[in-house]
Each structure stands twice: as C-alpha cells, then as structure tokens.
C-alpha cells in the first residue's frame, strides 16, 4: 500500500479512537514538543525541570515495529504505543492516558506514596484523573490490530509487550513544586471553558446535532464529586446544566415566559429522577429541547419592535390582535406597522395571527376534550364560523372533521 492511503488509514484510526473512546490519540516522534503535555502537563506541574517528553521519547526509541506496548506509569494511568512502519517516517501511534477503573482515595494515597509527593499535590492529581476516560484496553489493541492489516503486507496479530514505569526510577530525586495546582488547572480549565462555550454557542443557534456532539465533548472534562451521594451529585450538575441552557436560550432572545416554563419543567424532572441512567438520558433530552425552543421561539434576527410585537401576539392569543389595536398599543402608525411586519416576516400581520391561533387550536384538539366553540374562543376567535373557515383554509379540513380523524368513534 502506498504512503498516502496508509496515512489516511492512520488519520481515520486517530479520529475513531478519539471520538468513540474519548481517549487522546496522536502520532508522535521521539523528542516531539507535543510529548511535553501528553499527560495533560501533570509531570511538568508537580516535578521541577521534567515532563513527559523525557519518559516517552526513551520508550519510543526502544520500541520495535509489529509490537504493541501497553504502558502503566507511576500514576497508574495507562498508555498504548504502536510504532508505525519505518517507511512511513511518522513515529509512533500513542493512545492515552486513560484509566481502566475509577480513581478513588486509595489510588490517590498510593500515587502520593509511590512518587514521594506531598498532600498538597492531591488537588492536581484528582483533577488529572477526572479528565481521563475509563477504557477497556482490549478495545484499543483490537483497533490497532485492524490498522496493522493496512500497514503490513505480512500481517499477523501484533504481540503485546507490557511495560511499567518502574524501570526508570528518576522520579525519586525530583523536587516538588510548591504550588502545582495553578499550572495544571489553567491548562485543563481553559480547555473545559472553551468546550462549554462551543456547546452553548450551538444551543444559541438551535442546532440540535451540533449541540449534542459538543455537549458530549464537554462531558469529557469530568468535574470532581462534591457529594458522597452520587445521585445527589449528578442532580446538582444537571441543575447547573439547566441554568446554562436557559441562559443560552435567553441570549438567543427567547421570551422569559418560555424560558421559565421549560426551566421549571426540567427542575421538577431532575428532582423526580431516581437513577444516574435517568439523569444521563434527561440531560441529552434537555439539550435537544432547549435547541428546539431556540429554533421555534428565538427572535434574535428581528428588530426590537417586531420582537415585542411577536411576543405580545404569542402570549395573548385570546386578546384583540387587530392591526388597529396593535398599532395603538405600540404607538406606531398602522400602515407603517403593517409594511414593517410584512417585510420582516414575509406575510401579513393577519395571516401570522391566524396561523398562531390555528396552531394552538390544533394542540388543544390533539390533547384535550374541549369543545370546538370553546377552543375558538380560547384562541381569540368569537365567531365559530370564521374559526372554521380559517382552520379549513390552513389544515384542509374543518375542525369537526379533524377531530373525528384523530379520535374515531
């Protein structure tokens, strides 16, 4: 296989491992500057004058083709390294760091003792582990065996060599940096806030697909538990999410009435949830529903007068919404208001009002047993014959016929 297709296969594998497993994946060479921060700057933060480049450069130089190296470091985090064929001249594929199980207090104590650290390093260590995905390494090695099919003509399953950082005891002589939390947390926090802003920007645009994808990226940045009860802790995090989503929709110029309604709905749903699975499903639903709200109710692209007018119409369908009444209410000339509305909305004011009234009537017909004449009155049309006429014009059948079609006798 030529160099170009091999490079494409490697790029595809990097993308798949990064997105499906949530694990950092790179192609690097010994001495690469990128190796400095391959451990999210952990070593650089807590040891003076040393970083991950020194460690991984040495491993890469000794690594042989057609082997997979499963590496466990001094922090009990894991990496998988696969040298690429020499003809590619592109170094090694490095996957990690990742964990095979949840970090806990026992692990933190082992790491502190093993590396002769002080307790002041605990905040840095905890933040490091919170940002690592938990992965079965067999999934990674299986994926790398698949890529080997394209890299080697005489392919057979690659042999796994297991390594630990114990062979290099240099850490015992390293010095502790008194305030490591600052350097490490800035690196991670900047990325987390950037991911959060990208996610909320997608919500403000009402783009469900992009918002969900960016939200899943944002979730890679784990936040330290603040309560011993995992359900309570998850609920509190989703309460914060509810607030962030509400503020994003507010920036998209969605009326506060709609914001309050959806925010209250999910506040109740959050507290009613009894499992982490329910809460995980709920947060995706929240992202989608807030995006839908923005898509349907955002007035961001309209001038202030039209925004106010639309909000008044949508929240007061049973009121007098004639051109004369609205022009008086907003203290503008009726002719000017009519032409401005038509230019901005590409329809007449009357058509818009009637459309909103029929949309609301449809919801009531589908969800309640209210009589048709009462529905007409509820949406601001006292003349049932007129209501029937505009309903049929928009829907194609009369209200009575529509009701029979959805609720056959």
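All of the numbers you see were taken from the coordinates with simple rules; none came from a lab. Keep in mind it's a predicted model, so treat the numbers as computed, not measured. Here the Cβ positions follow ideal geometry from the backbone for every residue, glycine too, while neighbour counts run over all protein chains shown.
Normalised by 2.2 N^0.38 Å, where N counts its residues, the alpha-carbon radius of gyration of the stretch 229-336 equals 1.39.
Here the relative contact order of the chain, from alpha carbon pairs under 8 Å that lie six or more residues apart, stands at 11 percent.
Checking the a/c ratio against 1.5 first, then a/b against b/c, what shape does the Cα gyration tensor give for the stretch 183-297?
oblate
Available extension along the chain between residue 280 and residue 268 is 2.8 nm, counting 0.36 nm per residue and deducting the alpha carbon span.
Between residue 104 and residue 62, what FRET efficiency comes out of the Förster formula 1/(1 + (r/R0)^6) with R0 = 25 Å and r the beta carbon distance, rounded to 0.05?
0.15
Taking 0.36 nm per residue of sequence separation and removing the Cα-Cα distance, the residue 201/residue 302 pair yields an extension gain of 34.5 nm. Short-range pairs are left out: with C-alpha atoms under 8 Å and at least six residues apart, the relative contact order of the stretch 290-409 is 20 percent.
Distance between the modelled labels on residue 347 and residue 243, one decimal in nanometres: 3.8 nm (7 Å Cα→Cβ projection). Inter-part distance, the stretch 319-335 to the stretch 344-368, computed on C-alpha centroids, equals 18 Å. Expressed as a whole percent, the proportion of Cα-Cα pairs in the chain lying more than 42 Å apart is 38%.
Placing pseudo-labels 7 Å out from each Cα toward the beta carbon at residue 315 and residue 138 gives an inter-label distance of 5.8 nm. Distance between the 7 Å Cα→Cβ label points at residue 359 and residue 336: 2.8 nm.
Please give the length that would be gained between residue 116 and residue 8 if that part of the chain were fully extended, namely 0.36 nm times their separation in residues minus their C-alpha to C-alpha distance (nm, one decimal).
Net length gain for the segment: 34.5 nm.
Evaluate E = 1/(1 + (r/R0)^6) for residue 366 and residue 145, where r is the Cβ-Cβ distance and R0 equals 41 Å; express this FRET efficiency to the nearest 0.05. Result of the calculation: an efficiency of 0.15.
Cα centroids of the stretch 117-138 and the stretch 269-292: 27 Å apart. The tail of the calculated P(r) for the stretch 304-406 beyond 22 Å holds 33 percent of all Cα-Cα pairs. A simple packing score, the average count of other Cβ atoms within 10 Å per residue, orders the peptides 394-400, 246-252 as 246-252, 394-400, with the highest score first.
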